[in-house]
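This report refers to the structure that appears directly beneath it.
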Amino acid sequence: MPDHDATYTATWSAAGDTKYTVRHLWQNINDDEYTEHETEEKHGATGSQTAATANTYTGFTAQTIVQQKIAADGTTVVEVKYDRKTYLIAFVSEGQTLKSETLRYGATPVAPADPTKDADAQYTYTFAGWNQEITTVTGATTYVAQWNTTVNEYKITWKNEDGSVIDYTTVAYGVVPTHADATKAADAEYTYTFAGWTPNVVAVTGAAEYTAVFSQIKNT
C-alpha cells in the first residue's frame with residue numbers, strides 16, 4: 001500500500017469513454033523517493049481529498065487533477081505527483097533556539113542534546129523534558145525545555161565574639177536561620193548575658209556569618 005491516507009472519488013462526465021491510466025506518485029517521508037499507485041479512470045474524472053491529506057500533501061486538489069487529465073488527452077499514462085508538505089520544527093530553551101529544521105509531514109523530529117540552565121541564587125535546575133511529547137510532524141511545532149528546580153542551601157557560620165566558631169548550619173534559600181543562644185562565662189569583673197547576633201539575622205540568600213553579642217553586668 002502507498003504511504004498516504006488520501007481518498008478520492010471519481011465523478012463521470014459525458015466527455016467521452018476514453019480511459020487513462022493515472023499514476024499517483026506519493027512522496028515518502030524521509031527521502032525524495034515516491035511510492036507509485038495506479039488507477040484507471042475516464043477522461044474528465046475529478047479527485048476529492050480528506051482533511052488529513054490536505055495537511056499532508058501539496059498538489060492534491062481536484063482542480064489540479066482535472067487539468068492534468070485533460071491536458072493528457074491522447075496519452076496513455078497521466079502522472080499526478082503529491083509532494084509532502086513541510087513544516088518548521090524548533091527546539092527552544094530559555095528563549096534560545098537550540099535546533100530548527102524543516103521536516104516533511106509524517107517525519108519524526110530528533111531532539112538536540114539535553115540543554116542545561118545555570119543555577120541562580122535560589123534554584124539549581126535540571127532538565128525535565130520538553131513541553132510536549134515529540135511526535136511525527138503534522139504541522140509547525142515548537143518544543144520548549146522544561147525544568148525541575150531544587151532550592152539551594154547555604155552554609156551559615158555562628159561565631160563567638162572572639163571569632164571562634166560555635167557551630168555551622170545549612171539553611172535553604174529564603175529561610176530565616178535560627179540558633180540556640182550563645183553563652184559566655186562570667187569573669188571576676190562581669191557577668192554576661194546573650195544579647196543577639198550581629199549582623200541582624202535575615203532570610204538566607206547566600207552563605208553568611210553571625211557573631212554573638214553579649215551585654216554585661218558588673219559584679220558586686
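All other residues whose Cβ lies under 12 angstrom from that of Ala207 are scored, Lys and Arg at +1 and Asp and Glu at -1, for a net of -1.
Of all the Cα-Cα pairs you can form in segment 117-220, what percent are over 15 Å apart? So the portion of pairs separated by more than 15 Å is 72 percent.
Against the compact-protein benchmark of 2.2 N^0.38 Å, the Cα-based radius of gyration of segment 90-133 scales to 1.41.
Counting only heavy atoms of the protein chains and using a 1.4 Å probe, Glu36 has close to 120 Å² of accessible surface.
Accessible area ranking (1.4 Å probe, heavy atoms, ligands and nucleic acids excluded), largest first, for Ser100, Ser93: Ser100, Ser93. When nucleic acids and ligands are ignored and a 1.4 Å probe is applied, Leu88 ends up with an accessible area of around 90 Å². Ligands, DNA and RNA left out, the accessible area of segment 143-194 computed with a 1.4 Å probe is 48% carbon and sulfur. Counting charges near Thr102 (Lys, Arg +1; Asp, Glu -1) among other residues having Cβ under 12 Å from its Cβ returns a value of +3. Surface listing: Ile156, Ile29, Ile217 arranged by accessible area from highest to lowest gives Ile217, Ile29, Ile156, probe 1.4 Å. Report the calculated FRET efficiency for Asp162 and Ala188 (r = Cβ-Cβ distance, R0 = 22 Å), to the nearest 0.05. So the FRET efficiency works out to roughly 0.80. Rolling a 1.4 Å probe over the protein heavy atoms gives segment 131-205 an accessible area of 62 Å² per residue. Please give me the summed charge of the neighbours of Ala185: other residues whose Cβ is under 13 Å from its Cβ, Lys and Arg +1, Asp and Glu -1. After counting each charged neighbour, the total is -3.
Label-to-label distance, Thr142 versus Asp120, with points set 7 angstrom from Cα along the beta-carbon direction: 2.0 nm.
The values are calculated or read from the model by the stated rules, or taken from the named source; none is laboratory data. Computed from a predicted model, the values in this text were never measured in an experiment. Every residue, glycine among them, receives a Cβ derived from its backbone with ideal geometry; neighbour counts consider all protein chains shown. Calculation scope for accessible area: heavy atoms of the full protein, side chains included, ligands and nucleic acids excluded. Shrake-Rupley method; radii C 1.70, N 1.55, O 1.52, S 1.80 Å.
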